[in-house]
Every structure is written in C-alpha cells, then in structure tokens.
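First the structure, in the form of structure tokens, and then the observations on it.
The values are calculated or read from the model by the stated rules, or taken from the named source; none is laboratory data. The structure displayed is predicted, hence computed values, not measured ones. Here the Cβ positions follow ideal geometry from the backbone for every residue, glycine too, while neighbour counts run over all protein chains shown.
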Amino acid sequence: MIYFNNVSKIYKDATALDDVTFTIETGEFVSVVGHSGAGKTTLTKMILAEEMPSSGAVFFESVDVSKVKNKDLTKLRRRIGIVFQDYKLLSNKTAYENIAFAMEAVGKTEEEIASDVPHVLELVDLSHRLSHFPDQMSGGEQQRLAIARAIINQPELIIADEPTGNLDPINTHEIVQILKKINDLGTTVILTTHNRGIIESVGKRVITMENGKIIRDTKHK
Amino acid sequence: MALVALKRIIKGGFLNFKRSGLVSWAAVLVVTVTLSVVASIIFLQAILHFSLNQIKDKVDVTIYFTTSAPENKILDLKSSLEKLPEVASVSYTSADEALKIFRARHSSDYPTIQALDEIGSNPLGAYLNVKAKEVSQYESIANFLQSDNALVVGADSIVDKVNYHQNKLVIDRLNSLISGAQKLGFLVTLLFVIISIIITFNTIRLTIFISKEEIGVMRLVGASKMHVRGPFLIEGAIYGVVATLFTLVIFWPATAWLGRNMTDFLGINLYDYFISNFIIIFAILLLSGVGLGIISSFLAVRKYLRK
C-alpha cells in the first residue's frame, strides 16, 4: 500500500531522512518508534505530501506522492485519516461540527452527516460531548474526537503522529485500544511514538528509526 | 450539490463571524472607520462641487450693443452663439428691458432717474448674456465673437463692448483655482482611500492570521480550497455589510445636525443631500465595504492555502 523507495530528505543543515526504503501492506498496523528528531514526523508528512523528498520516491498505492499535482492533493488526503499529538481540532467548531466539517469536505449530504456523526461519537465514547467546543474537553476527549474525525470518511489509512504524547497512561491506553479496533476493522494504521510501552501493548510490526535511518524493522510476534 | 456547498459556506461564514466575538467586531469597527472616510469624502466632494458651481455660475460674458443696433441682427447673433457647443445659455435683454432694470435698480437714486428723464430717449443698448458650460471655455467664445464669420454682416459695428476682456484676468485666475481645487480634492481622496484600504486589509489579515493553523488542518482533513476559503470570504462580506449599516447610522444624525446648523456656512444642506442621494451613497458604501472585506480575506487566506 505504501512504498518508500530510497527516500532522503535534507533540510539546509540537517538530514531528516537518510535513504529510507520500506513497504507497508494493506491492513497492517505499523508502529514507527524513535527519539524526537529521528525522522518519524517527516516520514508521515511525506505520505501526506506536506513535505517532498529531496531524493527517492514515495508511493501511496500506485500514486507517486511527490508528483501529485495541487488539484489532486485533496483527493489523496481524503484517502488518509490523520491524528496529531496536539489534536488540531477546529477551535471554533463544536465536537459535532468538527466531524461534520470533514464529512462536508468530501461532499456528504446533510442526512449522511446527521446519521453518521452521532454514531462515530458513540464509538469513541463522546456522545455526551456533542455540542461542546474543544477547549471545553479534556486532552483524552479531544484526542478521541480527533480520531473520530480521522475515521469518519472511512479512509484506507490512518496516520497517528504521537497521538498519546500529551496524554496520561489511562487515556493513552484507551487511544491505543481504539486504534487497534480500527485496524481490526481493516484500516491500515501507522502509529509514530517515542514511548516503547505503547509498542509493547500494540504488539505489531515496529520500525525503529534513528537519525533519519531505519535501524530495525521487526514483526513483534 | 453546488447549492449545498454554497449553503454550507454561507452558514460557516455566519458561524465564524458570531463565534469570533471581539475579533469580528474589531474588524467591523475598522471597516466602519474606512467607510466613514469614504462617506466623508462623498460629502466633502459635494460641498466642493456645490461651491465651485456657485462660483462658476457667477462668471459670464456680456455683449453690449449700440443703441442703434437692430434687434434682428442681435437675435441672429444670439442664435449663432447658441449653436456653439461651449455655450450653455444665452439670454437676450432688449434696450427697453435694460432701461426698466436700470430704473428699478436706481429707483431710490433720484438724480440719476431725473437725468434719465431729461434725456428723453433710451440711452441704453440691448445686451446678450452668455454662460459657458465650463469656465475655461469663455476664451473660445470671446474668440468666436472676434472672428469675422461669427458675426452677421454689419454686426461688427453694432457691438459696443464685450466685457470678457475686462474680466479675463479674474476668469483665468478662477479657472486655475477651480481646476487646482478639483485636483487637490482628488489627490486627498485618493490618499485617504489608500490609507484606509491598507489599514482594513491588515486588520482582516490579522483576524485570519489567528486561524492560520486551522486553515492548514482543514486542508489536511481533505477540504478543497474553496471549502476552506469560502467561509472567510463570507465573513469578510459580513464585515462590509455590518460596517455599512453602522456608517449610515452614524451619518444620519451627523448630517441632520450639519443640515440644521451649518447649511448657511457650507452653502448646501448635507442632510437633504444625504436623503436625496441615499440609494447611491448606500450602494457606494456597501460595494466598498463588501469588496474590501472579500478582497482582503481572499488575499489573506491565499497565503495560508498554498499547501
């Protein structure tokens, strides 16, 4: 599904990715682990075409992401759900509207929105927060809302970039369980983290990065 | 589908405006200041225009004829003057009327009236009063009067004097003063409008700067550029509409006061001007406000929409 072919990313004075090659198959749950600055976020940004490789190529299915034209970018991103460490919710929209916005973006009808949003909020246990704004919710709740937004359009891939970085252990566990459930339903998940404990609890494939290189790629079990 | 998208964009714009609270009202305030500048300029131009027209109206050229001039010759000259494109109007005053006016004007001046009575015959000649469309055109009218083909045969001898040549200096000065005032008015207007636009643009840019990160998030969530940009454009238009209403509400009592107390000084009743030109002033303010809001929002969002 995703194929990195000898990808390097060099900023002015630093190498973020150094000749990275790997493949992720459809339906996999891949944890990318490494210290801050190891290149995890750069890697996810390349899949989203937020960053372009200095050399090499990134493929999403048969699409060469680095060559995607501006007008096709929206189409590509609609196939991917993203969860960030800092949630990145729309602060002046309620929980309901945050999710509705993602549905509107792909052209869903009002009826579809009205029937799907309560359902997905129930899935992440936020039914009681429907009309709350993000700043009226706890960190764990905001992250669950971000996950709900990421999965609402049934993307083929979920990228969770340090989703538990700002959360306590209980909320962290909940988030990981939700991601595993999403993966069980057939969606490919890429999870980046610097927390080894999370990887243990996931128990799936782990790519370990250091200084922009992949130093280990193991199936956990 | 497009209709649904449009409905969502409009709804999003209204929600943004409502939820941005103080930031929205700050932007409205700045647009109101800009529109007030525009409205003030409209009124100042009206005062300037009115004053200049009054001055222009006082300028004319009078052709005095000799007492022996036959009336049909004078009327021939009148009709050929009226054919000139520069001429706005020509009024004919016959010798008898000129005498009547003279007597009326000097009715309390007994020696003059007595002297007139003693002469017996009418010493005054007829005259034509010529008004040009523009002050600058008097010279060409005067030149026309001097040229041979302008005057009907023999008319040369019937003209006593043309007062253009006595008034030339005053007319020339007035002419340069009027065109100077108009140019200055235009420059000042331009300057104020440019300053206002820059201030408004920067304020709206700041309100959108607050949403900079969210614009990026919307794009990452898969929203098209129009879906992201649309609500901001609507919000910009709302600033313009609300500011237009505020400006009209401010100028209503302001012009009423000026109309009641300053009409003699300004020479024009600004309240009457406001009321009789309400539709056009409303349209100018609304178009400026909405245009400014939309264009500023468009440019500001564009910067953050690149990715």
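Residues of region A:40-60 being of a type in the set (S, T, Y) and either surrounded by 16 or more Cβ atoms within 10 Å (Cβ to Cβ) or within 13 Å of chain B (Cβ to nearest Cβ) (or both), which ones?
Quick first cut of region A:40-60, residues of a type in the set (S, T, Y) only: A:41-42, A:44, A:54-55.
Of everything in region A:40-60, those that are of a type in the set (S, T, Y) and either surrounded by 16 or more Cβ atoms within 10 Å (Cβ to Cβ) or within 13 Å of chain B (Cβ to nearest Cβ) (or both) turn out to be A:T41, A:T42, A:T44.
Tally the residues that are surrounded by fewer than 23 Cβ atoms within 10 Å (Cβ to Cβ) and either within 14 Å of chain A (Cβ to nearest Cβ) or under 17 Å from the mean Cα position of the chain (by Cα) (or both), restricting the search to region B:282-307. So the count comes out to 8. Of all residues in region A:80-112, how many are more than 23 Å from B:V4 (Cβ to Cβ), within 8 Å of another protein chain (Cβ to nearest Cβ) and of a type in the set (S, T, N, Q)? Residues that pass the stated criteria total 1.
Yes or no, residue by residue, for (1) hydrophobic (A, V, I, L, M, F, W, C); (2) in contact with a Ser or Thr (Cβ under 9 Å, 6 or more places away or on another chain):
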residue: B:F201; (1), (2): yes, yes
residue: B:L206; (1), (2): yes, no
residue: B:S211; (1), (2): no, yes
residue: B:M226; (1), (2): yes, no
residue: B:G293; (1), (2): no, yes
residue: B:F298; (1), (2): yes, no
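List the helices (runs of 4 or more DSSP H) that sit entirely inside region B:199-270 and contain at least 1 residues that are farther than 27 Å from B:W25 by Cβ, within 14 Å of chain A (Cβ to nearest Cβ) and modelled with pLDDT of 85 or more.
B:225-261
Any residue at all in region B:39-50 that's under 30 Å from B:S176 (Cβ atoms) and assigned by TED's automatic domain parsing to the domain that holds B:K131? No, region B:39-50 contains no residue that is under 30 Å from B:S176 (Cβ atoms) and assigned by TED's automatic domain parsing to the domain that holds B:K131. Screening A:Y96 against (1) over 17 Å from the mean Cα position of the chain (by Cα); (2) under 20 Å from A:T192 (Cα atoms); (3) in a helix (DSSP H, G or I); (4) not β-branched (V, I, T) leaves a single unmet condition, (2).
Looking at B:I234, B:I194, B:I215, which one is out of contact with any Ser or Thr (no Cβ under 8 Å at 6 or more places or on another chain), in the same structural domain as B:S24 (by TED's automatic domain parsing) and over 23 Å from A:L89 (Cα atoms)?
Working: B:I234 fails: over 23 Å from A:L89 (Cα atoms); B:I215 fails: over 23 Å from A:L89 (Cα atoms).
Of B:I234, B:I194, B:I215, the one residue that is out of contact with any Ser or Thr (no Cβ under 8 Å at 6 or more places or on another chain), in the same structural domain as B:S24 (by TED's automatic domain parsing) and over 23 Å from A:L89 (Cα atoms) is B:I194.
When region B:47-75 is filtered for residues that are assigned to a helix (DSSP H, G or I) and within 15 Å of B:Y127 (Cβ to Cβ), the ones remaining, listed by number, are B:E71, B:K73, B:I74, B:L75. A:G37 falls short on exactly one of the conditions (1) part of a helix (DSSP H, G or I); (2) modelled with pLDDT under 90, and that condition is (1). Taking region B:1-55, which residues are of a type in the set (A, V, I, L, M), exposed (fewer than 15 other Cβ atoms within 10 Å of the Cβ) and at the interface with chain A (Cβ under 10 Å from one of its Cβ atoms)? Passing the criteria: B:M1, B:V4.
Hey, among B:E97, B:E82, which residue is over 32 Å from the mean Cα position of the chain (by Cα) and exposed (fewer than 14 other Cβ atoms within 10 Å of the Cβ)? So that I can check it myself, show each step before the final result.
On the way: B:E82 fails: over 32 Å from the mean Cα position of the chain (by Cα).
Residue meeting the stated conditions: B:E97.
From the list A:L90, A:L73, the lone residue that is without any contact (Cβ under 8 Å) to a residue 60 or more places away in the chain and in contact with an Asp or Glu (Cβ under 6 Å, 6 or more places away or on another chain) is A:L90. Checking each residue in region A:61-79 for being within 14 Å of chain B (Cβ to nearest Cβ) and outside any helix (DSSP H, G or I) picks out A:V68, A:K69, A:R78, A:R79. Kindly list, by first and then second residue, each pair from a residue in region A:44-69 that is under 19 Å from B:R219 (Cβ atoms) to a residue that is modelled with pLDDT of 90 or more and of a type in the set (K, R), limited to pairs with Cβ atoms under 7 Å and residues at least 6 apart or on different chains. Matching pairs, first to second residue: A:E51/A:K9; A:E51/A:K45.
Against the definition (over 23 Å from B:I215 (Cα atoms), modelled with pLDDT of 90 or more and aromatic (F, W, Y)), how does A:F133 come out, yes or no? Show your work before the answer.
On the way: over 23 Å from B:I215 (Cα atoms): no; modelled with pLDDT of 90 or more: yes; aromatic (F, W, Y): yes.
Criteria not met by A:F133.
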